[in-house]
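The values are calculated or read from the model by the stated rules, or taken from the named source; none is laboratory data. What you see is a predicted model, and the numbers here were worked out from it, not measured in a lab. Methodologically, a virtual Cβ is constructed for each residue, glycine included, from the backbone with ideal geometry; neighbour enumeration extends over all protein chains shown.
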Amino acid sequence: MHRLSAYPEDGPLLSAMERILPGNICIAGRQKLVGKAIGTCSSSSDVAGGANFIWLISDNMHHQWLLLAACFWVIFMFMVASKFITLTFKDPDGYGAKQEPLILTAVTKVEEVHVPEEKHWPEEFQPTGKAFSGNLIHQPLVHMERLELLRNVCRDTALRDLSHTAVSKFVLDRIFVCDKHKILFCQTPKVGNTQWKKVLIVLNGAFSSIEDIPENIVHDHEKNGLPRLSSFSDSEIKKRLNLYFKFFIVRDPFERLISAFKDKFVHNPRFEPWYRHEIAPGIIRKYRKNRTETKGLQFEDFVRYLGDPNHRWLDVQFGDHIIHWVTYVELCAPCEITYSVIGHHETLEDDAPYILKAAGIDHLVSYPTIPPGITVYNRTKVERYFSGISKRDIRRLYARFEGDFKLFGYREPDFLLN
């Protein structure tokens with residue numbers, strides 16, 4: 001005899017079965033006897049019906065399990081596929097995620113991009129400027145950063161005596177005017193100014209090309225067609241200062257002094273004899289420790305003269321010849337005059353084309369070819385010239401030129417001062 005067991009809590013299920021298969025299910029009682037048979041089937045037809053019912057239940061459950069397994073399989077395959085897609089397209093280094101915001105920021109919101117302070121005095125070498133070549137985004141940011149640094153230092157009250165000066169006739173004499181293209185250029189000797197003056201002479205129409213300009217004409221301001229800003233009336237001066245494109249060039253202050261010393265007191269061209277025969281003897285008499293020495297002006301004498309807080313009386317005696325070694329502040333008044341661009345000699349290969357483009361004259365004239373290596377900062381040369389000079393004299397020299405170092409982002413020469 002076959003037995004069919006059920007539990008009281010399965011009542012709804014059994015009722016459903018009875019409706020589906022009436023007369024084929026034998027249930028003899030509904031005692032709550034867990035785990036035991038609760039009824040018997042009384043006939044073979046009942047037994048057969050029960051067997052059919054068992055088969056039906058088994059078949060239905062089999063299909064349900066297959067359906068459930070299929071669902072789990074689909075879910076599992078979807079999870080695997082999702083993981084595979086993620087692993088396949090994820091940038092392992094995050095390079096794209098890092099670069100895209102930077103590019104968008106630089107293009108669409110330039111004012112929020114921070115460029116680290118530009119350094120022109122690395123420990124081992126000085127960049128030639130080639131690193132910036134062709135970078136249309138970086139060049140404007142470099143010049144914006146230079147002007148921002150200048151403004152910040154100009155506001156520093158602790159450096160006010162070293163960063164501010166009156167816009168006197170001495171300053172206005174340094175600024176050359178190109179009215180035709182509305183350009184003002186402040187001359188800072190020993191930073192490649194001769195070439196810039198040639199550019200302006202051509203733009204003013206005095207000569208058709210840079211190659212046509214005789215060397216002796218470049219600095220003859222009565223013949224080269226370059227008027228000084230000081231030659232205009234006060235109202236005309238103010239108008240040009242407000243409306244014209246204005247620029248000047250700077251260089252590492254100490255390297256510029258070395259260049260001035262070599263040019264004026266060592267190599268001394270024949271048409272400038274007063275540097276060797278008038279200025280040099282005046283410095284030697286005042287600053288040479290051993291008066292019995294008969295050799296010409298030494299760099300040590302020159303450094304003592306420039307670092308002396310009481311040097312002014314000699315400057316007055318030397319007149320305009322001092323333009324080759326006085327500070328950029330004294331020459332161009334950068335905190336009083338709002339310049340459009342400040343070029344750096346160390347990056348002139350990039351700065352020169354940028355200045356021409358910013359002034360709107362790049363289609364009219366080109367800056368003369370720069371000889372290889374001429375703009376590179378030479379620390380070895382600086383160390384050689386300053387070797388043997390006392391730390392006291394070097395510190396006094398730096399104290400005078402500190403404003404130039406700070407205003408234009410040049411690193412303090414620790415290797416000389418400490």
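Numbers at a glance
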{"item": "Selected residue [assigned by TED's automatic domain parsing to the domain that holds H344 and in contact (Cβ under 8 Å) with a residue 40 or more places away in the chain] from L172, L200", "result": "L172"}
{"item": "Long-range neighbours under 8 Å by Cβ, at least six apart or interchain, first residue in the same structural domain as F302 (by TED's automatic domain parsing) and more than 21 Å from D156 (Cα to Cα) within segment 393-406, second in a helix (DSSP H, G or I) and aromatic (F, W, Y)", "result": "I394/F386"}
{"item": "Single residue of segment 230-257 satisfying the filter (among the acidic types (D, E) and surrounded by 21 or more Cβ atoms within 10 Å (Cβ to Cβ)) that is farthest from A358 (Cα to Cα)", "result": "E255"}
{"item": "Of all residues making up segment 312-346, the number that are modelled with pLDDT under 95 and among the polar types (S, T, N, Q)", "result": "1"}
{"item": "Residue within segment 259-266 that is within 30 Å of P372 (Cβ to Cβ), in the same structural domain as S366 (by TED's automatic domain parsing) and not in a helix (DSSP H, G or I) present", "result": "no"}
{"item": "Test: residue in segment 358-377 that is of a type in the set (A, V, I, L, M), surrounded by 15 or more Cβ atoms within 10 Å (Cβ to Cβ) and not in a loop (DSSP other than H, G, I, E, B)", "result": "yes"}
{"item": "Which numbered condition D350 misses (of (1) at positive phi; (2) in contact with a Ser or Thr (Cβ under 7 Å, 6 or more places away or on another chain); (3) at pLDDT below 95)", "result": "(1)"}
{"item": "Residue pairs meeting the criteria (Cβ under 7 Å; at least 6 apart or on separate chains; first of a type in the set (S, T, N, Q), in segment 316-343; second modelled with pLDDT under 95)", "result": "Q317/G282"}
{"item": "Residue within segment 218-225 that is in a helix (DSSP H, G or I), in the same structural domain as A352 (by TED's automatic domain parsing), free of Cβ contacts under 8 Å to residues at least 12 places away in the same chain and more than 28 Å from N378 (Cα to Cα) present", "result": "no"}
{"item": "Check on A260, without any contact (Cβ under 8 Å) to a residue 24 or more places away in the chain and either surrounded by 15 or more Cβ atoms within 10 Å (Cβ to Cβ) or in contact with a Leu (Cβ under 9 Å, 6 or more places away or on another chain) (or both)", "result": "no"}
{"item": "Identity of the residue in segment 181-198, at pLDDT 95 or above and of a type in the set (A, V, I, L, M), that ends up nearest to K262 (Cα to Cα)", "result": "L184"}
{"item": "Residue within segment 220-235 that is within 24 Å of A260 (Cβ to Cβ) and under 28 Å from the mean Cα position of the chain (by Cα) present", "result": "no"}
{"item": "Output for segment 324-355, where each listed residue is more than 22 Å from C154 (Cα to Cα) and not acidic (D, E)", "result": "H324, T347, L348, A352, P353, Y354, I355"}
{"item": "Filter result for L297 (within 33 Å of the chain's Cα centre (by Cα) and either modelled with pLDDT of 90 or more or among the polar types (S, T, N, Q) (or both))", "result": "no"}
